[in-house]
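Visitor: After the structure tokens below, expect a handful of questions from me.
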Amino acid sequence: MSYKRENLDSLLNLNQKQVSLDSAKLEITNKILQQYIGTKNFEKAEDYLDKVVSLAYKLNLRVFAGTAYRRMARLYHGHTNYIKAEDNYLKAINVFSLADEQDRAAGVYLDLGALYNAIPDYAKSLEANQKAVSIYLKSNHQEELGSCYVNISEIYQDLEQHKKALEYLRMALKIFNSEGEISRGAAVVYMGIGLAYFNSNPSELITMDILPTQKLKVALDNLNKALKIAEEAKVEEDLIGAIKMNLGMIYERMGQTDLALKSYLTSIEINKNSDDRRVHAESLLALGKFYNNQKNYTNAVKFSTEALNIAQANKLKDIERDANLLLSECYDKLRKYDESLAFYKRYVIVKDEIFNAEKEKEITRRQMQLDFAVKEKDYQLKQQVTNAVLQQQFLFAKQQHQKLILRQQQLDLSDKEKMLQRLKFLQKQKDLENEKITQNSNFERSKLLSKYEAVKREKQITKQDQQIKYDGKVKIFLLVAFALVLFTAGLIYFNQRKTTRLNKIINKQKRELEQLSRVKDRIFSVVSHDMRTPVNSLISFMQLLEGGNIEQAKLNRYAGSLKNSLTYTSSMMENLLNWAASQMQGFNPYLESLNISVLIEDVVNSLKSTSDLKHVTIENNIPENTICKVDSNMFSLVLRNLISNSIKFTPEEGVIVLTAEYNAEELKVKVSDTGVGMSEELVNHFNKSEYQGAGVSTLGTNKEKGTGLGLLLCRTFMALMDSRITVSSKKNGGSTFILWFKKT
């Protein structure tokens, strides 16, 4: 009996009349099930599915039950209820396997593989297809086997394992060629081979036995072969349109823009009448991207908008997302920032919708994996699947899928950041454009007002001319007056600056004169007091000698005292004379590169008796052949004064250390002691460039006298030698004087 033309009502009436539970009842019930599936009435379809299955088992017509399960699975599959779809597919496989309908079971495995691929769960998809392969190998159904190999190659393409995909494509090609090269299957395989080469990275291409430079040519050759076979075999236009679109991408990558444009346009022309709206939308979007790359933004907008409309009408979210992004970029280049921002916001919304859908798929995938191990074990027991190679491929696909998920998560995070930055940029661009529009509007308003004012001024031209002349004279007068004021102010300003500079010079000279006056007073004080005493002592000593009545012990004691006094006087006179010489005009040092270690040794030896008398140790750590540019007499005098000061202010058993070290361009000679040190105020004053010395002489640790001119001489002579001296010291913590000399 045939009920193909009957509507649902007539079928239901017929079902009520058919009381007998026979094959006729089963066929009517099965037709009703198909009607409810066609109208997408899930509740009624489930009800009649149970009736069909129950009756099919009673009549031992299990093929009906398997077919019903498969139809119900496809209904759920089409509405993305993957869990129920999987359950019905597995029931269908179980029924067909028990009924020994292996080819039907293989067909369901292919449907199940497509379901897993949609989630995606590539490992499960690969295994489902491999099970179909196992069945078709046993039944020797070569055409179906070739289709399985093509499906598996697509899985590996999605996993970005293009070499593995190429292996299965070649296996499929071998099957299709054995049945005649001119076939739809061969065209599909050649297109897949071309895309496998096109999508491979350089390192993968080398493992595929071609050089990266050959990639585009090999891909082009295979796609051209696919096109030729498809046209000769007169396959459906959808396939030819897809081949043309892929050819356009390759031509564009090769820089052959004319051929690329021709291929894209042909693809669109072919696909516009196709039932597969996805293919048409993809070809329009590909042409939009081409025009965008060619900076033809008007045409890019045109074709991208067409692609967007088709994607929205057919809920093709991925194409809708890409079209919104492309339109945002195009309008940005066209400086239409309002439109660019609007499309980019829509892009973000669609991308989030896709992301949420992917999260739902992930939840579904995890739910399906809970009982997968049990089902898989049951299947292996029934089917005795022991092929280790297939299991190895399954595990590899699972690992690769996890890597893709991880990488996609990383890309999603990166995209989130980029989207936020892009939104901020486009918002700013929009604000700038609005500001520009406002400015242009204000400018136009100003122009209108200006015209109005011009007309108004023309009516009063006579009065204004007179006023302008009068104003011109006033302006000239004011400008001249202003120029005179500026000139006078400039003269006053420059005179003021000159006066300030002169005052600074006078103040500096005043300070120097005051300092010289203090030095002079100090010198007269020293000469009048410190020189008179040793001279008088010498006269008294000579008188004692003339009397001849002095004991030898007293004579030795007086002679020693007189010697010390005269030694101090000699040192004082030498410093006074040297300082006086340094103040004379025309007094210039003779600088030459000398081995100062010899000069230092001479100075140390000359002061050894004085240091030994006080039990002060002088450690000379100056390396031999220490060369620098100095005046020998000045250097010796500076060093003698510094070491004498260190002996003077170092207690008995103290230590004086001489060291030298080089830096980049200078030599540092250090004189360090363990003496009483200097106050922070004295150290800061000495290290200032304006230091003039002539301080009050301080008694040494053994009441030794001084002139107060030693450090002044050191500063003066170091300056004459184009060198400098600094000091670091702490009260009761010793002092370190550093002499800085140029190496050459």
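The values are calculated or read from the model by the stated rules, or taken from the named source; none is laboratory data. Since the model is a prediction, treat every value here as computed from it, not as a measurement. Cβ: placed from backbone, ideal geometry, glycine included. Neighbour counts: every protein chain shown.
Visitor: Taking the range 183-209, which residues are surrounded by fewer than 16 Cβ atoms within 10 Å (Cβ to Cβ), farther than 16 Å from Ile243 by Cα and out of contact with any Lys or Arg (no Cβ under 6 Å at 6 or more places or on another chain)?
Guide: Asn201, Pro202, Ser203, Ile206, Asp209
Visitor: Look through the range 292-338, keep the residues that are surrounded by fewer than 17 Cβ atoms within 10 Å (Cβ to Cβ), of a type in the set (D, E, K, R) and touching a helix residue (DSSP H, G or I) at 6+ places or on another chain (Cβ under 6 Å), and return whichever of them is farthest from Met249 (Cα to Cα).
Guide: For the range 292-338, the residue satisfying everything is Asp338.
Visitor: For the condition free of Cβ contacts under 8 Å to residues at least 12 places away in the same chain and charged (D, E, K, R), what is the one hit in Asp121, Asp111, Asp100?
Guide: Answer to the selection: Asp100.
Visitor: Being under 18 Å from Leu216 (Cα atoms) and either among the acidic types (Asp, Glu) or in contact with a helix residue (DSSP H, G or I) (Cβ under 6 Å, 6 or more places away or on another chain) (or both) is the filter here; which residues of the range 254-268 pass it?
Guide: Selection gives Met254, Asp258, Leu259, Ala260, Ser263, Tyr264.
Visitor: Any residue in the range 227-235 that is under 29 Å from Tyr344 (Cα atoms), touching a residue at least 12 places away in the same chain (Cβ under 8 Å) and of a type outside the set (D, E, K, R)? Step through it out loud before you land on a result.
Guide: Our first condition is that a residue be under 29 Å from Tyr344 (Cα atoms); within the range 227-235, this holds for none.
Looking for residues that are under 29 Å from Tyr344 (Cα atoms), touching a residue at least 12 places away in the same chain (Cβ under 8 Å) and of a type outside the set (D, E, K, R), one finds none in the range 227-235, hence no.
Visitor: Name every residue in the range 658-687 that is more than 15 Å from Ser735 (Cα to Cα) and in contact (Cβ under 8 Å) with a residue 24 or more places away in the chain, in order of residue number. Step through it out loud before you land on a result.
Guide: Going residue by residue through the range 658-687, those that are more than 15 Å from Ser735 (Cα to Cα) are 660-668.
If the condition is that a residue be more than 15 Å from Ser735 (Cα to Cα) and in contact (Cβ under 8 Å) with a residue 24 or more places away in the chain, then Ala660, Tyr662, Glu665, Glu666, Leu667, Lys668 are the ones that fit.
Visitor: Can you name every residue in the range 67-92 that is of a type in the set (A, V, I, L, M, F, W, C) and either over 21 Å from Ala128 (Cβ atoms) or touching a residue at least 60 places away in the same chain (Cβ under 8 Å) (or both)? Walk me through it before giving the result.
Guide: Quick first cut of the range 67-92, residues of a type in the set (A, V, I, L, M, F, W, C) only: 68, 72-73, 75, 83, 85, 90, 92.
Listed by number, the residues that qualify are Ile83, Leu90.
Visitor: Just checking, which of Leu166, Leu126, Leu115 is closer than 21 Å to Gly66 by Cα and not hydroxyl-bearing (Ser, Thr, Tyr)?
Guide: On the way: Leu166 fails: closer than 21 Å to Gly66 by Cα; Leu126 fails: closer than 21 Å to Gly66 by Cα.
Testing whether each residue is closer than 21 Å to Gly66 by Cα and not hydroxyl-bearing (Ser, Thr, Tyr) leaves just Leu115.
Table: residues versus (1) at pLDDT below 85; (2) buried (at least 23 other Cβ atoms within 10 Å of the Cβ).
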site	(1), (2)
Gly78	yes, no
Lys84	no, no
Asp100	no, no
Asn117	yes, no
Ser125	yes, yes
Ser134	no, no
Ile152	no, yes
Ile155	yes, yes
Arg170	no, no
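Visitor: Now, a different point. Mind telling me which of the residues Ser565, Ser517 ends up being surrounded by fewer than 12 Cβ atoms within 10 Å (Cβ to Cβ), hydroxyl-bearing (Ser, Thr, Tyr), modelled with pLDDT under 70 and in a helix (DSSP H, G or I)? Please lay out each step first, then the result.
Guide: On the way: Ser565 fails: surrounded by fewer than 12 Cβ atoms within 10 Å (Cβ to Cβ).
Sole residue among the options that is surrounded by fewer than 12 Cβ atoms within 10 Å (Cβ to Cβ), hydroxyl-bearing (Ser, Thr, Tyr), modelled with pLDDT under 70 and in a helix (DSSP H, G or I): Ser517.
Visitor: Within the set of pairs 6+ apart or on separate chains, which have a first residue in the range 480-493 that is without any contact (Cβ under 8 Å) to a residue 40 or more places away in the chain, a second that is outside any helix (DSSP H, G or I) and hydroxyl-bearing (Ser, Thr, Tyr), and C-beta atoms under 9 Å apart?
Guide: none
Visitor: Every residue in the range 59-73 that is at pLDDT 90 or above and of a type in the set (Lys, Arg), please.
Guide: Arg70, Arg71
Yes/no per residue for (1) touching a Gly at 6+ places or on another chain (Cβ under 9 Å); (2) within 21 Å of Asp318 (Cβ to Cβ):
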{"position": "Ile240", "(1), (2)": "no, no"}
{"position": "Asn246", "(1), (2)": "yes, yes"}
{"position": "Arg253", "(1), (2)": "no, no"}
{"position": "Ser263", "(1), (2)": "yes, no"}
{"position": "Thr266", "(1), (2)": "yes, no"}
{"position": "Leu284", "(1), (2)": "no, yes"}
{"position": "Phe290", "(1), (2)": "yes, yes"}
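Visitor: Does Ile270 satisfy the condition of being in contact with a Gly (Cβ under 9 Å, 6 or more places away or on another chain), within 23 Å of Phe198 (Cβ to Cβ) and surrounded by 20 or more Cβ atoms within 10 Å (Cβ to Cβ)? Reasoning before the result, please.
Guide: On the way: in contact with a Gly (Cβ under 9 Å, 6 or more places away or on another chain): yes; within 23 Å of Phe198 (Cβ to Cβ): yes; surrounded by 20 or more Cβ atoms within 10 Å (Cβ to Cβ): yes.
Considered against the rule, which asks whether it is in contact with a Gly (Cβ under 9 Å, 6 or more places away or on another chain), within 23 Å of Phe198 (Cβ to Cβ) and surrounded by 20 or more Cβ atoms within 10 Å (Cβ to Cβ), Ile270 comes out as yes.
Visitor: Looking at this structure, is Tyr251 buried (at least 24 other Cβ atoms within 10 Å of the Cβ) and not hydrophobic (A, V, I, L, M, F, W, C)?
Guide: Numbers: buried (at least 24 other Cβ atoms within 10 Å of the Cβ): no; not hydrophobic (A, V, I, L, M, F, W, C): yes.
Here the answer is no, as Tyr251 does not meet what is asked.
Visitor: Go through the residues of the range 51-66 one by one and say whether even a single one is within 60 Å of the chain's Cα centre (by Cα), buried (at least 18 other Cβ atoms within 10 Å of the Cβ) and touching a residue at least 24 places away in the same chain (Cβ under 8 Å).
Guide: Taking the range 51-66 first, the residues within 60 Å of the chain's Cα centre (by Cα) are 66.
Subsequent filtering for residues that are buried (at least 18 other Cβ atoms within 10 Å of the Cβ) retains 66.
Still in the list and also touching a residue at least 24 places away in the same chain (Cβ under 8 Å): 66.
The answer is yes; a qualifying residue exists.
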